[in-house]
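Sharing a structure here in structure tokens format.
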Amino acid sequence: MTKLEQIKAAEARLLVPTYDRNPLLFTAGEGVYVIDEQGERYLDLLSGIGVNALGYANPVIENAIAEQSRKLIHISNLYFHEGQAELALRLTERTGMDRAFFCNSGTEAWEAALKLARAHAGLLRSEGKQVGTKFLALEHSFHGRTYGAMSTTHKAKYREPFGPVVPGVEFVKLNDVADLRAKFSNDVCGILVEAIQGEGGIRPLTQEFFAEARRLADSTGALLIADEIQAGMGRTGKWCAYQHYGIQPDITTLAKPLAGGLPLGAVLCTEEVARSFHAGVHGTTFGGGPLACAVGIAVVDAMEKDGMLARNAATGEYFLEKLRGLKKKHDAIVDVRGKGLMIAAELDSADLGKKTVKEMLKRNILINCTSDTVLRFLPPYILERAHVDAAIAALDEIFTEHAAGQAATASAGGQQRG
Ligand SMILES: Cc1ncc(COP(=O)(O)O)c(C=O)c1O
């Protein structure tokens, strides 16, 4: 039995069966590559689902972890430490927000955002305003797996086994302004969006829809809440994807690459929203700990120093251009979209989506397929054009073989009929 087979068998016996893992055992990483137990290197175009933005074995992250771990790893939120205000300053400056709350993951950040919105609506009611408790979320949305996050996530398969879900959530058709207007009322306390939906298939909001969500929220005192857990932290070429629209939400959430692979989430909000929380109403044991914050600070500073935003925009444009070239050549690609290093190639069938991920794996390249038919690329920010070229060459080969296979099947079918 290989080591992978042993681990696979042990997990099958010991773990709650939540994951359908690819049969690979990774033991190390370097730059844009992860390395399996045989020493095989894989080009990682998914970066741990958008987490390992600065690449593997980055000395900036390693040094921050080493230094802080020798000083203080955990202290709880009963006491001060040096990291939270330092990181909050960096994040508020870059997101246009006023205040931060730190937690351990994306879903927790989203959960805090929902709690803030309901608490804020309560505060407004106590001040005589008419704002209800309902959330408007979007079709194809994904916000995480805890109850509030799951309840505002559109895909039924994520919610149905766990009902009853949190009440007071209605889904609006993506980019359908008329549907948004029809469903908005004084009952709504928050409109929930991803400026570019991630799990939903790299689908951007239209300018018109986003602007109307802002306008409607302003008309009653409801909040506009933008989930930037996947699109934020510079991935799209700006710190937050909403900055491409010139629209400022009342609350935003960050996580994924924030602490270079350590668990850290942040909810950021305006002064107006922050006044709905006071000491004791929300909290966490681990959230915003000294270790994660020290790494978060190092990540933000390294991104700035290395000009990552401009770099992501430029490499992303190169990647998109190459994918558009492939689309012209291969009918199987029906759409190419994205911004910066948040990129999708939508295929004409779910079977081809699965097959392409497997074929890329055979060529030592990691990608995934989301929303059944959408190949998703969330590469590390240190990606270079040569890596893009390697990925495009592999995709070209796969789609060429696929087309040849289809032609052969069609001609065999034709001969049989003839
Ligand atoms: C937009 C968005 N929100 C929330 C989450 C949940 O984050 P986490 O898995 O860290 O809980 C994700 C994760 O993929 C996400 O993409």
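The values are calculated or read from the model by the stated rules, or taken from the named source; none is laboratory data. What you see is a predicted model, and the numbers here were worked out from it, not measured in a lab. Reconstructed Cβ throughout: ideal geometry from the backbone, glycine too, with neighbour counts over all protein chains shown.
Could you identify the single residue in Ser151, Ser141 that is under 16 Å from Ala231 (Cβ atoms) and either polar (S, T, N, Q) or modelled with pLDDT under 95 (or both)?
Numbers: Ser151 fails: under 16 Å from Ala231 (Cβ atoms).
Every option except Ser141 fails the conditions.
Now for a separate question. May I ask you to verify whether Ala85 is of a type in the set (A, V, I, L, M), modelled with pLDDT of 95 or more and away from the ligand (no atom under 16 Å from the Cβ)?
On the way: of a type in the set (A, V, I, L, M): yes; modelled with pLDDT of 95 or more: yes; away from the ligand (no atom under 16 Å from the Cβ): yes.
The answer is yes for Ala85.
So Lys134 passes all but one of these: (1) of a type outside the set (Ser, Thr, Tyr); (2) more than 16 Å from the ligand (Cβ to nearest atom); (3) surrounded by fewer than 18 Cβ atoms within 10 Å (Cβ to Cβ). Which condition number does it fail?
Condition (3) is where Lys134 drops out.
Restricting the stretch 137-182 to residues that are touching a residue at least 24 places away in the same chain (Cβ under 8 Å) and among the acidic types (Asp, Glu), which is nearest to Gly232 (Cα to Cα)?
In this case the residue turns out to be Glu139.
Within the bounds of the stretch 90-108, is there any residue that is at positive phi, touching a strand residue (DSSP E or B) at 6+ places or on another chain (Cβ under 9 Å) and within 16 Å of the ligand (Cβ to nearest atom)?
No: the stretch 90-108 contains no residue that is at positive phi, touching a strand residue (DSSP E or B) at 6+ places or on another chain (Cβ under 9 Å) and within 16 Å of the ligand (Cβ to nearest atom).
Mind listing just one residue for me: the one in the stretch 113-129 that is surrounded by 24 or more Cβ atoms within 10 Å (Cβ to Cβ) and among the aliphatic types (A, V, I, L, M) and, of those, farthest from the ligand (Cβ to nearest atom)? Write out each step before concluding.
Filtering the stretch 113-129 for residues surrounded by 24 or more Cβ atoms within 10 Å (Cβ to Cβ) gives 113-114, 116-117, 120-121.
Of the ones still in play, those that are also among the aliphatic types (A, V, I, L, M) are 113-114, 116-117, 121.
On the way: Ala113: 10, Leu114: 12, Leu116: 16, Ala117: 15, Ala121: 22 Å.
Residue satisfying both the conditions and the ranking: Ala121.
Please work out which one of (1) part of a helix (DSSP H, G or I); (2) under 21 Å from the mean Cα position of the chain (by Cα) is the condition Leu136 fails and give its number.
Every condition holds for Leu136 apart from (1).
Residues are listed down the side, and each one gets a yes or a no for (1) farther than 22 Å from Arg376 by Cα; (2) aliphatic (A, V, I, L, M); (3) within 16 Å of the ligand (Cβ to nearest atom):
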{"residue": "Ala266", "(1), (2), (3)": "yes, yes, yes"}
{"residue": "Glu271", "(1), (2), (3)": "yes, no, no"}
{"residue": "Ser276", "(1), (2), (3)": "yes, no, no"}
{"residue": "Gly287", "(1), (2), (3)": "yes, no, yes"}
{"residue": "Leu291", "(1), (2), (3)": "yes, yes, no"}
{"residue": "Gly296", "(1), (2), (3)": "yes, no, yes"}
{"residue": "Asp301", "(1), (2), (3)": "yes, no, no"}
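Just name the residue that is farthest from the ligand (Cβ to nearest atom) out of those in the stretch 137-157 that are over 14 Å from Gln197 (Cβ atoms) and not basic (Lys, Arg). Outline the logic, then answer.
Step one: list which residues in the stretch 137-157 are over 14 Å from Gln197 (Cβ atoms), which gives 145-151, 156-157.
Add one more test, that the residue is not basic (Lys, Arg), and what stays is 146-151, 156.
Values: Thr146: 8, Tyr147: 13, Gly148: 11, Ala149: 6, Met150: 10, Ser151: 13, Ala156: 18 Å.
So the residue we want is Ala156.
Turning to a different aspect of this structure: If a residue must be free of Cβ contacts under 8 Å to residues at least 40 places away in the same chain and out of contact with any helix residue (DSSP H, G or I) (no Cβ under 7 Å at 6 or more places or on another chain), how many such residues does the stretch 21-49 contain?
Pass one, the stretch 21-49, residues free of Cβ contacts under 8 Å to residues at least 40 places away in the same chain: 21, 23, 25-30, 33, 35-39.
Still in the running and out of contact with any helix residue (DSSP H, G or I) (no Cβ under 7 Å at 6 or more places or on another chain): 21, 26-30, 33, 35-36, 38-39.
So the count comes out to 11.
Just to be sure, is Asp351 part of a helix (DSSP H, G or I) and out of contact with any helix residue (DSSP H, G or I) (no Cβ under 9 Å at 6 or more places or on another chain)? Explain how you work it out, then say what you get.
Values: part of a helix (DSSP H, G or I): yes; out of contact with any helix residue (DSSP H, G or I) (no Cβ under 9 Å at 6 or more places or on another chain): yes.
In short, yes.
What is the number of the single condition among (1) buried (at least 18 other Cβ atoms within 10 Å of the Cβ); (2) under 19 Å from Met342 (Cα atoms); (3) among the polar types (S, T, N, Q) that Ser151 does not meet?
(2)
Only one of these is out of contact with any helix residue (DSSP H, G or I) (no Cβ under 8 Å at 6 or more places or on another chain) and free of Cβ contacts under 8 Å to residues at least 60 places away in the same chain: Gly316, Gly280. Name it. Explain how you work it out, then say what you get.
Details: Gly316 fails: free of Cβ contacts under 8 Å to residues at least 60 places away in the same chain.
Being out of contact with any helix residue (DSSP H, G or I) (no Cβ under 8 Å at 6 or more places or on another chain) and free of Cβ contacts under 8 Å to residues at least 60 places away in the same chain holds for just one of Gly316, Gly280, which is Gly280.
Can you say whether Ile225 is touching a helix residue (DSSP H, G or I) at 6+ places or on another chain (Cβ under 6 Å), crowded, with 24+ Cβ neighbours inside 10 Å and part of a loop (DSSP other than H, G, I, E, B), as far as the supplied structure shows? Can you show your working first?
On the way: touching a helix residue (DSSP H, G or I) at 6+ places or on another chain (Cβ under 6 Å): yes; crowded, with 24+ Cβ neighbours inside 10 Å: yes; part of a loop (DSSP other than H, G, I, E, B): no.
For Ile225, the condition - touching a helix residue (DSSP H, G or I) at 6+ places or on another chain (Cβ under 6 Å), crowded, with 24+ Cβ neighbours inside 10 Å and part of a loop (DSSP other than H, G, I, E, B) - is not met.
Let's see how each residue does on (1) buried (at least 24 other Cβ atoms within 10 Å of the Cβ); (2) within 10 Å of the ligand (Cβ to nearest atom); (3) in a loop (DSSP other than H, G, I, E, B); (4) not hydroxyl-bearing (Ser, Thr, Tyr):
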{"residue": "Leu180", "(1), (2), (3), (4)": "no, no, no, yes"}
{"residue": "Ile191", "(1), (2), (3), (4)": "yes, no, no, yes"}
{"residue": "Gly200", "(1), (2), (3), (4)": "no, yes, yes, yes"}
{"residue": "Ala211", "(1), (2), (3), (4)": "no, no, no, yes"}
{"residue": "Arg215", "(1), (2), (3), (4)": "no, no, no, yes"}
{"residue": "Met233", "(1), (2), (3), (4)": "yes, no, yes, yes"}
{"residue": "Pro249", "(1), (2), (3), (4)": "yes, no, yes, yes"}
{"residue": "Thr253", "(1), (2), (3), (4)": "yes, yes, no, no"}
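Note down all Cβ pairs under 9 Å where the first residue falls in the stretch 319-334 and is closer than 10 Å to Phe399 by Cβ, the second is among the hydroxyl-bearing types (Ser, Thr, Tyr), and they're at least six residues apart or on different chains.
Listed pairs, sorted by first residue: Lys329/Thr400; His330/Thr400; Ala332/Ser349; Ala332/Thr356.
Could you please let me know if Leu4 is in contact with a Pro (Cβ under 9 Å, 6 or more places away or on another chain) and surrounded by fewer than 16 Cβ atoms within 10 Å (Cβ to Cβ)? So that I can check it myself, show each step before the final result.
Details: in contact with a Pro (Cβ under 9 Å, 6 or more places away or on another chain): yes; surrounded by fewer than 16 Cβ atoms within 10 Å (Cβ to Cβ): yes.
For Leu4, the condition - in contact with a Pro (Cβ under 9 Å, 6 or more places away or on another chain) and surrounded by fewer than 16 Cβ atoms within 10 Å (Cβ to Cβ) - is met.
Which of the residues that make up the stretch 275-305 are among the β-branched types (Val, Ile, Thr) and in a helix (DSSP H, G or I)?
At the first step, the residues of the stretch 275-305 found to be among the β-branched types (Val, Ile, Thr) are 281, 284-285, 295, 297, 299-300.
Val295, Ile297, Val299, Val300, listed by residue number.
In a strand (DSSP E or B), closer than 20 Å to Gly198 by Cβ and of a type in the set (Gly, Ala, Ser): which single residue out of Gly316, Gly338 fits that description?
Details: Gly316 fails: in a strand (DSSP E or B).
Exactly one of Gly316, Gly338 is in a strand (DSSP E or B), closer than 20 Å to Gly198 by Cβ and of a type in the set (Gly, Ala, Ser), namely Gly338.
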